[in-house]
Every structure is written in structure tokens, then in C-alpha cells.
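Participant: Before I ask anything, here is the structure I am working with.
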Amino acid sequence: MQSDSSSRITFILSSGRSGSTLLEMLLGSHPQLWSAGEVQLLPRDLREKHQPCGCGEPVSQCPFWEEALSRACLTPEELALIGHYRSRHPHGRVFLPGEARGLGQIALSPQRADWVKSYGEANLRLFQAIGGEVAEQHKPGLVSLIDSSKDLYRCNALIASGLFRIRIIHLVKDPRAFVYSMIRHHGVNQLEQTIRKTIRWRIENHLAQRVYRQMLPHHRSLKLRYEDLAGHPEHTIGRLWDFLGIDPFPEAIDRFRGYTKHDISGNPMKFEDRPIELDERWKTEMPPLSKWFVNMATGRWGRRASSL
């Protein structure tokens, strides 16, 4: 992967627990793609020492990341910059007033433009280093790196930097399924959490759409349902290959767990050995009052997500 193509990034944009790990694994199994995982978590994983790479070794001890970081020659300040948005809202905060006002804007103030340029340059150097390592050791025909950070603020800044040729896959889960996955362990606080997570789903997906609809040509974004990905993977991955402009690779469904992985963080399902399954437990286990509230609060947004 030459440096001029290291700017080709496929960015997975989604809420948590919406199937992004499955999507990342399916994409990463393609010979022309490589998943770097949740790249913005790299500084944290290096600092905390025990966080596992996709290969099973701690990121801080993984030879792949040692070599990539050596190639990148990032200063401590530049490395910290890559994790900026994760450190800003580490506990799931979605609406950041100072940041949300600038979402979807290409024209920036001089001060903001300088910061975005520095952010983009630090990330580009890291992606170039990852791409060089991948091309030499794993996939010489690499077309695009995958960043599954999900974070809409990170996605916005990468686009605004003007340094990347980004394609965005906006993965959306039925709001009832999303809320259920977030509240099912909260016991007596389920109603309160239902309200909070429903609001989160609506705000996060609304802001995500603002980012790519206002900043990218239509053909460089794809809105994808989790229910289609997990329920009809054969058909859905065909859409993904077409969208990304790469060769068909139906073998991804059988091989998505067996390829070489050095991706950052993500769901523990990466280390499990189970087939693709559509999780619809919310239909029988979600309290009726919670279902009613989610339907009422998401309205047409929720109905669209249920039938894209």
C-alpha cells in the first residue's frame, strides 16, 4: 500500500452495540481491506498495557503495532491527539455542545482549521505506517484501511482535514433493539435508562447523518441496517463490495474469523467462535412500556431504521 493510497479510509460510523464489530470483521476478511479497529483507542490501549490486540497479545506488546508505531514516528503529543475524542467523552456522551455546532462544516475558523490539520496529519502518518506494514507483511493488494472508531466527531474531523478519501458506512440498529441491548442489565432503572438511551439513539444518528450528508458526495456514504447485515449477510456483503468498488468476496462469511487480525479493541466477540446470528431478543424480552416509549420517541426516524 503506497503512501498516496494510505488516505483511503473506510470509516464505520455507528452507535455502540449496533453490530460494528461484525461489520468490521467481515470487511477485514477481504483480501483488499485491512481493519485497524477502533484507531482512536490506540493511545489508551498502549497506556493501559493489558488491552488485547485482535491477535490476542496486548497492544503494547504486539510486534505489528510496535513496527507500525516505529514507522509513524509520532511524538507523545501527536499520539495523544489521535485519542482526543475518546478522552473527551469516554463514557458515552454523544452531544458535545462545543463540537456539535461544527459538525458538517467544511469552512472553519483559522484556529479550528489549524487544529483539524494537526489532527489529520497525525492520523495520516499513523495510517501510512499501518498501510506500509500491512502491504509488506499481509496484503500487498490492499485498497483501503478500515477505521471502526464509530465516533461521529472523529469522523467529522478526518473529513474536514481534507487529507483522506473517506467512504462512510453508517450502521444503524432498530432503536428498540439498540435500547434493549443497553438497558437489559439495569434492573429497576430500566425505564430511566430507556429514556436516556432512546434520546442517545436519536441524537447520535441524526448528527451522524449531518456529517456525511453535508460533507461528502452521496456515492461515498452507505446507510446499512444491522438487521440486514446479521439477518441476510450473503446479500448484504455484496452491497458492501459494490459500494467500496472492490472485487466480490463471498468467502468472507465463512472466513471472517480466520484471517490475520491486529485490530484495536472492540467487542469480545472477536475472540469467540460462533456463526453470524441476528439478535432479536428484544422482541420477547423487552418490557412493553419500553417498547412503547421507544416507538413514540423515535417516530419516523425509528420506522425508517426498521425498514431502510
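Participant: Consider the stretch 200-237. How many of its residues are in a strand (DSSP E or B) and within 20 Å of D279 (Cα to Cα)?
Facilitator: 3
Participant: Looking at the structure I just gave you, is L240 touching a residue at least 24 places away in the same chain (Cβ under 8 Å), part of a helix (DSSP H, G or I) and surrounded by fewer than 14 Cβ atoms within 10 Å (Cβ to Cβ)?
Facilitator: Judged against the criteria, L240 is not a match.
Participant: From the list D273, D279, which residue is assigned to a loop (DSSP other than H, G, I, E, B), farther than 23 Å from F11 by Cα, of a type in the set (D, E, K, R) and touching a residue at least 40 places away in the same chain (Cβ under 8 Å)?
Facilitator: D279
Participant: Now, a different point. I need the full set of residues from the stretch 41-63 which are within 25 Å of L13 (Cβ to Cβ), open to solvent by less than 10 Å² (accessible area, probe 1.4 Å) and out of contact with any Phe, Trp or Tyr (no Cβ under 6 Å at 6 or more places or on another chain), in order please.
Facilitator: Correct list: L41, L42, D45, C53.
Participant: Read through the list (1) surrounded by fewer than 18 Cβ atoms within 10 Å (Cβ to Cβ); (2) in contact with a helix residue (DSSP H, G or I) (Cβ under 8 Å, 6 or more places away or on another chain); (3) in a loop (DSSP other than H, G, I, E, B), then give the number of the only condition that S18 fails.
Facilitator: Status for S18: all satisfied but (1).
Participant: Of these, S221, S290, S265, which one is touching a residue at least 24 places away in the same chain (Cβ under 8 Å), hydroxyl-bearing (S, T, Y) and either open to solvent by 30 Å² or more (accessible area, probe 1.4 Å) or over 23 Å from F127 (Cα atoms) (or both)?
Facilitator: The match here is S290.
Participant: Still on this structure, please answer the following. Could you identify the single residue in A72, A107, A100 that is of a type outside the set (K, R), open to solvent by less than 60 Å² (accessible area, probe 1.4 Å) and farther than 20 Å from I9 by Cα?
Facilitator: Just a single option satisfies the conditions, and that option is A100.
Participant: While we're here: For the stretch 29-82, what are the residues that are within 17 Å of the chain's Cα centre (by Cα) and among the acidic types (D, E)?
Facilitator: Answer for the stretch 29-82, where residues must be within 17 Å of the chain's Cα centre (by Cα) and among the acidic types (D, E): E38, D45.
Participant: Would you point out which residue out of A160, A230, A208 is touching a His at 6+ places or on another chain (Cβ under 6 Å) and either charged (D, E, K, R) or crowded, with 18+ Cβ neighbours inside 10 Å (or both)?
Facilitator: Of A160, A230, A208, the one residue that is touching a His at 6+ places or on another chain (Cβ under 6 Å) and either charged (D, E, K, R) or crowded, with 18+ Cβ neighbours inside 10 Å (or both) is A208.
Participant: Looking at the stretch 126-154, which of its residues are polar (S, T, N, Q) and buried (at least 24 other Cβ atoms within 10 Å of the Cβ)?
Facilitator: The answer is S144, S148, S149.
Participant: So which helices (runs of 4 or more DSSP H) stay within the stretch 58-134 end to end and still have 3 or more residues that are closer than 30 Å to I199 by Cβ?
Facilitator: By residue number, 84-88, 97-100.
The values are calculated or read from the model by the stated rules, or taken from the named source; none is laboratory data. Here the structure is a predicted model, which is why all the values come from computation and not from measurement. No Cβ is skipped: glycine too gets one built from the backbone with ideal geometry, and neighbour counts run over all protein chains shown. Note: areas computed on protein heavy atoms with side chains; ligands, DNA, RNA excluded. Shrake-Rupley method; radii C 1.70, N 1.55, O 1.52, S 1.80 Å.
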